Amino acid sequence: MANSLSRAKLPVIYSPLFLDHDTGSFHPENPGRLRAIAAALQAVSWADRLDWRLPTMVDDQVDQAIAHLHSPDYIRRLEQLATRGGGQLDGDTVVSAASYQVARLAVRAWLDSVDSVLKTRGSAFVLARPPGHHALRDRGMGFCLLGNAAIAANYALTQPGVGRVAILDWDVHHGNGTQALVEANPAIAYCSLHQFPAYPGTGRREETGVCHNVLNLPLPPGSGATEYNQAFEQSVLPFLQNFVPDLLIVSAGYDGNGADPLANMALKPEDFGNFSRYCLGLTRPIVFGLEGGYDYAALSQSVLATLAACLGV
């Protein structure tokens, strides 16, 4: 395993166009997040182990994947709002003139990552925005426009050899949108570790999904590596092992860092490397896709920790 990791390159799917989703200078989910991560990745000593890839063309396949989970009315309203120059879906969720096209490109990046890892049986990282795990069928919320992880999971199920997909969400906020979009599909499992109580107020332990395919692990404010590692070892890993997925998709939010301004957890960047190793020891292939994380330094170092784990460096 170590030898194969030492030879491999890790795909990072990224486009400068992701910066065009303009949320305003003071919005936490802003283009500076991706700039900081990209700069850190380009400066690291193992930068030559990264395979930077542009998303492929947005086409009918992307729109069909989006339409499979989001209502026609919501897609139309989102496009029209962007066409009119932008506005807000709610008090937190901004749409700019470019946002609809950028969100479609982000979906393309997630689908490309699925194609990549199914081919190589390895890992990939989607460095895209806007994030997606709060987006519901008929509305965006919580900075999220389209349900990237859920869309990618449904797309994966259309590919040869994929009968079951698991989504692990370690963002500090519960992925209410992802859960709502997948909980009626017995071929998809959803597992979330998140601060509770916190936005959006969902993710109680008793929420187990229509098909009993959901595991929510609410953690109290102030939780750190000890609490998270215990949750992984006692709950997350057994749940995913019992499901036996052909693909694991990780909604990789990094706002559980102690430095993050939007939450109250006590994780450190290196903890996300440990979480990634748990995943790598569980199954391949794996897609890691960016969700939250709003302190640039902590966010960047946490992404580095995830990628370093994938590469075994």
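With a/c under 1.5 counting as rounded, go ahead and sort the range 208-300 into rounded, prolate or oblate using the C-alpha gyration tensor (a ≥ b ≥ c being the square roots of the eigenvalues; past the cut-off, prolate if a/b is larger than b/c, else oblate).
In terms of gyration-tensor shape, prolate.
Using modelled backbone amide H atoms (1.01 Å from N, in-plane), which distant-in-sequence or interchain residues come within less than 5 Å of Met141's amide H?
Those lying under 5 Å, H to H, from Met141 are Ala135, Leu136.
At what distance in nm do the modelled label points of Lys9 and Ala97 sit from each other, each positioned 7 Å from its Cα along Cα→Cβ?
3.6
What residue among Pro31, Pro197, Pro245 shows peak mean-square fluctuation when the chain is described by a Gaussian network model with Cα springs under 10 Å?
Pro197
Which entry in (i) 54, 49, 37; (ii) 61, 43, 34; (iii) 51, 44, 42 matches Cα extents along the principal axes in Å derived from the coordinates of this structure?
(iii)
How many angstrom lie between the C-alpha centres of the range 140-159 and the range 3-58?
If we compute the Cα centre of each part, the gap is 19 Å.
Treat every Asp and Glu Cβ in the range 15-105 as -1 and every Lys and Arg Cβ as +1, leave all other atoms uncharged, and give the resulting dipole magnitude about the Cα centre to the nearest 20 debye.
160
Could you pull out every residue, at least 5 positions away or on a different chain, whose amide H is within less than 5 Å of the one on Val95? Hs are placed 1.01 Å off N in the peptide plane, and Pro or chain starts have none.
Answer set, sorted by chain and number: Gly87, Gln88, Leu89.
With θ taken as phi - 60° and the coefficients 6.51, -1.76 and 1.60, list the Karplus ³J(HN,Hα) couplings across the range 236-241 in order, rounded to whole Hz; mark glycine and proline as x.
4, 5, x, 4, 6, 4
Under 5 Å between amide H atoms, partner at least 5 residues away or on a different chain: which partners does Tyr190 have, H built in plane at 1.01 Å?
Here the answer is Ile167, Val214, Leu215, since their amide H atoms fall under 5 Å of that of Tyr190.
Accessible area of the chain with a 1.4 Å probe: how many percent of it is carbon plus sulfur?
Here it works out to 52 percent.
Mean-square fluctuation check for the chain, GNM, Cα pairs under 10 Å: which of Gly161, Gly203, Gly87 is largest?
Greatest mean-square fluctuation among the candidates belongs to Gly161.
How far is the Cα center of the range 168-240 from the Cα center of the range 77-122, in Å?
Cα centroid of the range 168-240 versus Cα centroid of the range 77-122: 24 Å apart.
Can you list which of the DSSP-assigned H helices in the chain have a Cα extent of 15 Å or more along the long axis and an average Kyte-Doolittle score of at least 0.0?
32-43, 99-120, 296-311
Among Val287, Val172, Val210, which one moves the most in a GNM of the chain with springs linking Cα atoms closer than 10 Å?
Ranking Val287, Val172, Val210 by mean-square fluctuation puts Val210 first.
What accessible area per residue comes out for the chain, rounded to a whole number of Å², with a 1.4 Å probe?
38
How long is the gain from Val244 to Asn264 if the chain were fully straight, where each residue apart is worth 0.36 nm and the alpha carbon distance is subtracted?
3.9 nm
The values are calculated or read from the model by the stated rules, or taken from the named source; none is laboratory data. Source: prediction; values computed, not measured. Ideal geometry is used to build each Cβ from the backbone, glycine not excepted, and the neighbour counts take in all protein chains shown. Ligands, DNA and RNA are excluded from the accessible area calculation, which covers all protein heavy atoms including side chains. Shrake-Rupley method; radii C 1.70, N 1.55, O 1.52, S 1.80 Å.
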